[in-house]
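Here the structure is laid out as structure tokens; the discussion comes afterwards.
The values are calculated or read from the model by the stated rules, or taken from the named source; none is laboratory data. Just so you know, these numbers come straight off a predicted model, no measurement behind them. Ideal geometry is used to build each Cβ from the backbone, glycine not excepted, and the neighbour counts take in all protein chains shown. In case anyone asks, the SASA skips ligands and DNA or RNA and just uses the protein heavy atoms, side chains included. Shrake-Rupley method; radii C 1.70, N 1.55, O 1.52, S 1.80 Å.
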Amino acid sequence: MEETMKKIAMGMSIRMGLVMSFCMSLLGNLIGMKNSGSFSIVGFLISFVISTIISFAIGFLIPMGKLGGAACRKLKLQRGSMPARLVESLISNCIYTPIMTLVMVVLAYRNAMRQSGGMAQISFLPMFLSSLVICFIVGYIIIFIIQPLFMKQLMKKYGVNPKG
């Protein structure tokens, strides 16, 4: 059973990493488009690849399921219930989103400064904080909706009954 749970955790890490990377890269480029007036396929692909690598690293290094389970036990929440899903989504979001947003904003900021020869009239902190707020809200919604769907899919694939 432990081997099956490891496979489920690995599957969740991969699936969530890809979805979060795609959505956050798209969102980041759309935010950038608002400022620059253009969408860059190359910029999207680069940010997608980088954020996917970061997401996989986070997913493989940090046991999201164990952290979520521990938080639910501490708060006396039943796993799978709406309150538990809200807490688990918040935990995942608090781990993934700030790291991914920071890296993506650093890349965008460096790129803008490089293209402008250091003359771009942008400040890093406001750029980061505004992106973080938007990405945190969108990331939370994505995690809340997608995570249980992937979990159900993986549990079915590996023949695990969620009711015990």
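Within the range 39-53, residues that are without any contact (Cβ under 8 Å) to a residue 24 or more places away in the chain sit with their Cβ atoms under 6 Å from residues that are surrounded by 12 or more Cβ atoms within 10 Å (Cβ to Cβ), at 6+ positions apart or across chains, in these pairs: F39/N29; F39/M33; F44/S25; F44/N29.
Residues in the range 91-111 that are in contact (Cβ under 8 Å) with a residue 24 or more places away in the chain and open to solvent by 30 Å² or more (accessible area, probe 1.4 Å): I91, I95, P98, I99, L102, V103, M104, L107, A108, N111. Taking the criterion of being in a helix (DSSP H, G or I) and open to solvent by 40 Å² or more (accessible area, probe 1.4 Å), the residues of the range 70-90 that qualify are A70, R73, K74, M82, P83, R85, L86, L90. Considering only residues in the range 38-54 that are modelled with pLDDT of 90 or more and not hydrophobic (A, V, I, L, M, F, W, C), the one that is surrounded by the most Cβ atoms within 10 Å (Cβ to Cβ) turns out to be S51.
Search the range 55-64 for residues being surrounded by fewer than 18 Cβ atoms within 10 Å (Cβ to Cβ) and assigned to a helix (DSSP H, G or I), and hand back the single one that is nearest to the chain's Cα centre (by Cα). Looking at the filtered set, the residue picked out is F56.
Of all residues in the range 137-157, none satisfies being farther than 25 Å from E2 by Cβ and polar (S, T, N, Q). Yes or no: the range 73-86 includes at least one residue that is within 20 Å of G139 (Cβ to Cβ) and touching a Ser or Thr at 6+ places or on another chain (Cβ under 7 Å). No, the range 73-86 contains no residue that is within 20 Å of G139 (Cβ to Cβ) and touching a Ser or Thr at 6+ places or on another chain (Cβ under 7 Å).
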